[in-house]
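**Q** Dumping the structure here so I can ask a few things about it.
The values are calculated or read from the model by the stated rules, or taken from the named source; none is laboratory data. Just so it is clear, the structure is predicted and the values come from calculations on it, not from any experiment. Quick reminder, even Gly has a Cβ in these numbers, built from the backbone with ideal geometry, and neighbours come from all protein chains shown. With ligands, DNA and RNA removed, areas are computed over all heavy atoms of the protein, side chains included. Shrake-Rupley method; radii C 1.70, N 1.55, O 1.52, S 1.80 Å.
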Amino acid sequence: MANSALNKPTHSALAGWLNGLLGVVIFSGSLPATRIAVLEMSPFFLTFLRASLAGLLAILLVCVLREPRPQRAQLFPLLIVACGVVIGFPLLTALALQHVTSAHSILFLGLLPLCTAIFAVLRGGERPKRAFWLFSLLGSLLVVAFALAQSHAVSLTGDLLMLAAVVVCGLGYAEGAALTRTLGGWQVICWALILSLPVMLPAAWLTQPATLVDISAQAWCALGYVSLFSMLIGFIFWYNGLARGGIAAVGQLQLLQPFFGLALSALLLNERVSPLMLLVTLGVILCVIGSRKCAR
């Protein structure tokens with residue numbers, strides 16, 4: 001019955017794309033906020049604390065709404081989601097941002113749609129058309145070429161960490177979206193956070209700095225953003241969008257995330273953004289439109 005609802009192409013697909021776009025806009029602030037926070041907190045403490053705060057809120061949501069526990073067969077996919085988007089991506093990006101700027105790291109997200117689409121085939125059972133892969137690859141190449149043109153200082157360590165982050169995030173996105181079809185969007189991220197909480201809470205306590213007094217209000221606000229929006233609210237819209245509009249198809253909206261993020265980096269961190277960004281953004285938008293038309 002769930003599959004028949006997903007096959008209503010017009011209303012469900014449009015709602016999926018709108019949910020996905022809102023999720024991308026929310027996620028666009030993640031790396032700039034992480035960059036602000038990691039300047040004053042260790043990447044380990046930041047990762048563990050943001051997951052702990054979001055996990056405690058997830059427990060509250062589950063209890064208030066009296067949500068039933070996941071079935072046994074859903075625990076392993078939830079564990080993959082937790083390892084990918086609760087632990088892996090936040091920690092790897094926080095470590096990378098000690099070596100590269102926010103603007104540089106954001107451009108790696110151009111590879112995320114292609115990675116998500118590959119895992120959508122491997123884990124979600126989707127089969128996009130050949131033309132879809134051409135648009136997806138072209139959009140990714142545009143973003144990567146733009147990244148190379150923008151890069152002035154390159155850190156091999158930072159770049160490798162960002163590449164690893166993209167891979168685990170793509171897996172977490174695809175696995176969570178497939179699970180959303182039976183468990184629900186907000187339920188998937190909530191249970192993934194709750195599942196990781198027994199590890200995250202003690203880890204946050206063990207990695208806390210000697211004193212919290214020296215941490216600025218700006219860094220605490222950045223922590224609040226990545227805890228509430230990046231770790232919870234954004235995933236509610238994102239997983240619903242992927243499940244309703246197609247993992248591979250809606251995942252192409254992530255091609256726009258680097259440009260939203262670059263604008264925020266320029267606004268909040270005074271990081272340099274090239275005027276070429278507008279031209280490349282237009283090309284990426286055309287690729288997103290093309291991939292949407294060629295989705296299954």
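**Q** Residues that are crowded, with 23+ Cβ neighbours inside 10 Å and of a type in the set (D, E, K, R): list the helices (runs of 4 or more DSSP H) wholly contained in segment 162-248 that include at least 2 such residues. So that I can check it myself, show each step before the final result.
**A** Values: elements: 185-206, 217-225, 234-245.
Those helices (runs of 4 or more DSSP H) do not exist here; none qualify.
**Q** Under 9 Å between Cβ atoms, at least 6 apart or on separate chains: pull out the pairs that start in segment 114-131 with a residue that is β-branched (Val, Ile, Thr) and end on any residue that is assigned to a loop (DSSP other than H, G, I, E, B) and open to solvent by less than 30 Å² (accessible area, probe 1.4 Å).
**A** Sorted first by the residue in segment 114-131, then by its partner, the pairs are VAL121/PRO128.
**Q** What's the number of the condition PRO70 fails, among (1) at pLDDT 90 or above; (2) assigned to a loop (DSSP other than H, G, I, E, B); (3) open to solvent by 30 Å² or more (accessible area, probe 1.4 Å)?
**A** Here PRO70 meets the rest and fails (3).
**Q** From SER105, SER136, which residue is assigned to a helix (DSSP H, G or I), touching a residue at least 60 places away in the same chain (Cβ under 8 Å), in contact with a Pro (Cβ under 7 Å, 6 or more places away or on another chain) and not β-branched (Val, Ile, Thr)?
**A** Selected residue: SER136, the only one of SER105, SER136 that is assigned to a helix (DSSP H, G or I), touching a residue at least 60 places away in the same chain (Cβ under 8 Å), in contact with a Pro (Cβ under 7 Å, 6 or more places away or on another chain) and not β-branched (Val, Ile, Thr).
**Q** Okay, moving on. State which residue pairs qualify: first residue over 18 Å from GLY84 (Cα atoms) and inside segment 47-59, second residue of a type in the set (Val, Ile, Thr) and open to solvent by 10 Å² or more (accessible area, probe 1.4 Å) in any location, beta carbons under 9 Å apart, and separation of 6 or more residues or different chains.
**A** Here the result reads ILE59/ILE194, each pair linking segment 47-59 to a residue that is of a type in the set (Val, Ile, Thr) and open to solvent by 10 Å² or more (accessible area, probe 1.4 Å).
**Q** Does segment 108-127 contain any residue that is closer than 18 Å to ARG35 by Cα and either in a helix (DSSP H, G or I) or modelled with pLDDT under 85 (or both)?
**A** yes
**Q** Quick check: anything in segment 141-148 open to solvent by less than 10 Å² (accessible area, probe 1.4 Å) and touching a residue at least 12 places away in the same chain (Cβ under 8 Å)?
**A** Within segment 141-148, one or more residues are open to solvent by less than 10 Å² (accessible area, probe 1.4 Å) and touching a residue at least 12 places away in the same chain (Cβ under 8 Å).
**Q** Same structure, new question: Which condition breaks for ALA263 when tested against (1) modelled with pLDDT under 85; (2) over 21 Å from the mean Cα position of the chain (by Cα); (3) part of a helix (DSSP H, G or I); (4) not basic (Lys, Arg)?
**A** The single condition ALA263 does not satisfy is (2).
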